[in-house]
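Every read-out reported here was derived from the displayed coordinates using simple, explicitly stated rules and does not represent laboratory data. A quick note: this is a predicted structure, and the numbers were derived from the prediction, not measured. Cβ placement follows ideal geometry from the backbone for every residue including glycine, while neighbour counts extend to all protein chains displayed.
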Amino acid sequence: MTSTDRLPHLLQDFFRLHLVARRNLSPHTVRAYRDALVLLLRFAATRSRRDVARLELTHLGEPTVLAFLEDLEAVRGNGIRTRNARLAAIHSFFRYVAAEEPAAAALCRGVLGIPVKRAPQPALTCLSREEVTHLLAAADGTRPSGRRDAALLWFLYNTGARAQEVVDLRLPALRLDAPAQVRLYGKGRKERLCPLWTETVGRLRAMLRDRTTAEAADQPLFVNATGRPLTRFGLRYIIRQCALAATHSCPPLATKPISPHTFRHTTALHLLQSGVELNVVRCWLGHASIETTHGYVEVDLDMKRAALAATAPPENGLHLPAWRQPGLLAWLEAL
């Protein structure tokens, strides 16, 4: 087999055998890896002035990958996080190539040595309880679409579910009888149960009555106006429209970028403020590490103020440590 034929063979085996058969990754992850490698192949073909079918592994070396990553940011306008996600997919492919093609070890080592780029960590956007109240009341409950929107907002705030978890959710995962709960499937196909409030259950039942859908039917939980499964873009649109409507009664909402993930941040913060133990919040949200959950403590100004109030200031002002006392400094300077 020539080196030209080897690249397609490695790519096919990477997806069919490695990602799907061996690692059993989710379709969403496989598609993300596919998109990254398709973009890389097209870029390499343009750079080397040859068809994609005639590319060889040597055309995908470190210089090409570095140029591709620069092109993502400079030409395609991708952010650092997207750039790093593409690089993660490329790293995964070249780790596979290194194991399957020892002769390409040096080339793979160069690509695998490309580091991820540090991205700024913006402050999390969270809503106050008053803002959540206005937002939940923004949906027009007199129309079926409004009752759908109300059920969606309550579900997001109740569960803190990710956008993909919401649009993938199907009715059999939902239990509206006591104890009401929902089975969510998160990243890495991790499964978790989340309890549902009585208010959330009521709005979900009202939405399902409008659709005349049995609770046990194997259908998507949330659908659009045409009855098709709601997409992530549709989810973001509904939230933006409800947020816009809520600004009439709560003007501060106009200054905040509100997305499905804003509800996730807000749910985590409000659970912590209510005294829910940190590890319980981790399980509630489906975080792999408790360190991720702990990050929400950092954004809670009320918790910071409480910690500050619990720390008594010095009674007689700020005391300098012994080595900073004026007499000691003067003595040292006189040496």
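How much length is gained on full extension from Arg16 to Lys187, taking 0.36 nm per residue of separation minus their Cα-Cα distance?
59.5 nm
Applying 1/(1 + (r/R0)^6) with R0 = 35 Å to the Cβ-Cβ distance of Arg81 and Ala45, what FRET efficiency is obtained, to the nearest 0.05?
Efficiency, rounded to the nearest 0.05: 0.85.
State the answer as a single residue: which of Ala163, Pro102, Ser92 lies farthest towards the positive end of the charge dipole of region 67-185, with beta carbon charges of +1 for Lys and Arg and -1 for Asp and Glu, about the Cα centre.
Value computed over the given set: Pro102.
Using a simple spin-label model with points 7 Å from Cα along the Cα→Cβ vector, what separation in nm is obtained for Arg205 and Ala74?
6.1 nm
I'd like to know which of Ser26, Phe43, Ala53 lies farthest towards the positive end of the charge dipole of region 1-80, counting +1 on Cβ of Lys and Arg and -1 on Cβ of Asp and Glu.
Ser26
According to a simple spin-label model (label point 7 Å from Cα along Cα-to-Cβ), what is the distance in nm between Thr213 and Ala178?
Spacing of the two 7 Å Cα→Cβ label points: 2.7 nm.
Among 53-66, 85-98, how do they line up by average Cβ neighbours within 10 Å per residue, starting with the highest?
Highest to lowest by the protection proxy: 85-98, 53-66.
Can you work out the PRE-style zone for Ala254? Point 7 Å along Cα to Cβ, and I want the residues of region 108-149 with backbone N under 12 Å.
none
Kirkwood Rh, Cα Rg: Rg to Rh for region 3-112?
0.94
If we count every other residue with Cβ under 12 angstrom of Ala139's Cβ, Lys/Arg +1 and Asp/Glu -1, where does the sum land?
That works out to +2.
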